[in-house]
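The values are calculated or read from the model by the stated rules, or taken from the named source; none is laboratory data. Everything numeric in this text was worked out from a predicted model, so none of it was measured. Here the Cβ is made from the backbone with ideal geometry for all residues, glycine too, and neighbour counts use every protein chain on show. For the accessible areas, the whole protein counts, side chains as well, though only heavy atoms, and no ligand, DNA or RNA atoms are used. Shrake-Rupley method; radii C 1.70, N 1.55, O 1.52, S 1.80 Å.
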Amino acid sequence: MKHFFWTMIYTLLALALCCGCSIQDRPGNADGGQGDGADGQQNVQSADTPWQYVDTAMGTVVQQTVYAPDQETAQAFSAQAMELLWGLEQKEISWRLDTSEVYRANVTSGSEGGFLLSEELAGLLESGLELSRRSEGAFDMTLGSVTRLWNIDEWAAENGAEGFPIPSREELARALSVCGYEKLRLQREAGDQEEKGQCRLFLPEGMQLDLGAIGKGLGLSELTSMLEGQNAVTGAVISLGGSILTYGSKPDGSTWKVGIIDPFDKSSNIGILSLEGQWCVSTSGDYERYVEVDGVRYHHILDPKTGTPAVSDVRGVTVLLKDGLLSDGLSTACFILGPEKGMALAAEYGAEALFILSDGEVVLSEGMEQYYTAIR
């Protein structure tokens, strides 16, 4: 297990710029601090140069580019951001850690009394269920038994496919039999006029929540709130794997540049998004986490209808929205739905979308055209 942990960390760091989107603005010191010059004196960082930090949380690399008046302010913000992300994982959304609320909720599956939710998780599940209904089940938070059966994330992190156990039809049928967002029940208790009543979750026997498709988006939403509640950091770009938050502005007034990875060559971008102010950019693709066996790619985006990696003419989807939680979930749903239905779903939420098809064609929503510049 120790070997797996370090293998995963090294792999994530190596793939930091290959997770669907990449931050193009990367001036300054890579370690985010002030380095020593040849004469041993500390270099002075100019006011328009960002501080940069790299760490890991939520199973992925977290990259922060922070514009602040001094290193102390930037470091304090970066540390606070990481504490927030670690807290979300450990206390709220992880299905693996027994300290998290989702873990405790999963333990109660089949219980007649259900599980009393915090308001934070209740709101998250309510938003997720609404997206499930609007996407006709393409997005589904109840696939825990299926994702555990495939276990693609751990196999992909090991960087090898030898011995990869492909689930049988019988195994998939059993796992799918306890899934389905329509079987999950949320029950609000009566509240007063000013506040909602507490919410109780009822999971059928064997059902397991997996919030992996919206966890990073929740992180972006929480980071946005944190940034809005302070004045010292005037601009930032924070990347959680394939989900990126832009906030505020750069001192020189130029736009944020977010690269869209080429699914056919992850070392390069197919285009650039030029953004101003606060945005959340979420990407889902079959090239992010996968295992390849006998020429067949088994990726981590599972189709709730079949329990298998989604078969689609789409290689990657990027969604642009102010709301991080929704952008993350929408990118997954749109990948499974394909460009026609996916574009319609994105429009329902006021989101812009970009689809990269298996033949290399790039399909953009009308609004996305104003932000996107093709490189090739």
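Return the only residue of THR306, THR318 being in contact with a helix residue (DSSP H, G or I) (Cβ under 9 Å, 6 or more places away or on another chain) and assigned to a strand (DSSP E or B).
Only one candidate passes the filter, namely THR318.
Against the definition (part of a loop (DSSP other than H, G, I, E, B), open to solvent by 40 Å² or more (accessible area, probe 1.4 Å), farther than 20 Å from TYR372 by Cα and touching a residue at least 40 places away in the same chain (Cβ under 8 Å)), how does ASP210 come out, yes or no?
So ASP210 does not fit the description; no.
Would you tally the residues in the range 239-291 being under 22 Å from GLU228 (Cβ atoms) and charged (D, E, K, R)?
Qualifying residue count, the range 239-291: 2.
Quick check on my filter: what residues within the range 323-356 are open to solvent by 10 Å² or more (accessible area, probe 1.4 Å) and under 14 Å from the mean Cα position of the chain (by Cα)?
Listed by number, the residues that qualify are ASP323, LEU325, LEU326, ASP328, THR332.
Could you please tell me which pairs satisfy a Cβ distance under 6 Å, a separation of 6+ or placement on different chains, a first residue in the range 286-308 that is more than 14 Å from PHE335 (Cα to Cα), and a second residue that is part of a loop (DSSP other than H, G, I, E, B) and at pLDDT 85 or above?
Sorted first by the residue in the range 286-308, then by its partner, the pairs are ARG289/HIS300.
What single numbered condition from (1) in contact (Cβ under 8 Å) with a residue 60 or more places away in the chain; (2) touching a helix residue (DSSP H, G or I) at 6+ places or on another chain (Cβ under 7 Å); (3) under 27 Å from TYR247 (Cβ atoms) fails to hold for SER365?
(1)
Of all residues in the range 95-115, how many are part of a loop (DSSP other than H, G, I, E, B), open to solvent by less than 30 Å² (accessible area, probe 1.4 Å) and free of Cβ contacts under 8 Å to residues at least 40 places away in the same chain?
Selection size over the range 95-115: 1.
Can you find a residue in the range 193-207 that is among the aliphatic types (A, V, I, L, M) and exposed (fewer than 14 other Cβ atoms within 10 Å of the Cβ)?
no
Out of all the residues in the range 141-166, which are within 22 Å of ARG297 (Cα to Cα), in a loop (DSSP other than H, G, I, E, B) and either touching a residue at least 24 places away in the same chain (Cβ under 8 Å) or small (Gly, Ala, Ser) (or both)?
Of everything in the range 141-166, those that are within 22 Å of ARG297 (Cα to Cα), in a loop (DSSP other than H, G, I, E, B) and either touching a residue at least 24 places away in the same chain (Cβ under 8 Å) or small (Gly, Ala, Ser) (or both) turn out to be GLU158, ASN159, GLY160, ALA161, GLY163, PHE164, ILE166.
For the range 241-270, name all the residues that are open to solvent by 60 Å² or more (accessible area, probe 1.4 Å) and either basic (Lys, Arg) or under 19 Å from the mean Cα position of the chain (by Cα) (or both).
LYS257 - this is the single residue of the range 241-270 that is open to solvent by 60 Å² or more (accessible area, probe 1.4 Å) and either basic (Lys, Arg) or under 19 Å from the mean Cα position of the chain (by Cα) (or both).
Tell me the residue from GLU136, GLU171, GLU126, GLU120 that is in a loop (DSSP other than H, G, I, E, B) and among the charged types (D, E, K, R), please.
GLU136
If you take the residues of the range 116-160 that are small (Gly, Ala, Ser), closer than 18 Å to GLY329 by Cβ and in contact with a helix residue (DSSP H, G or I) (Cβ under 8 Å, 6 or more places away or on another chain), which of them is most open to solvent (accessible area, probe 1.4 Å)?
SER127
Out of all the residues in the range 63-81, is one or more part of a loop (DSSP other than H, G, I, E, B) and at pLDDT below 85?
No, that holds for no residue.
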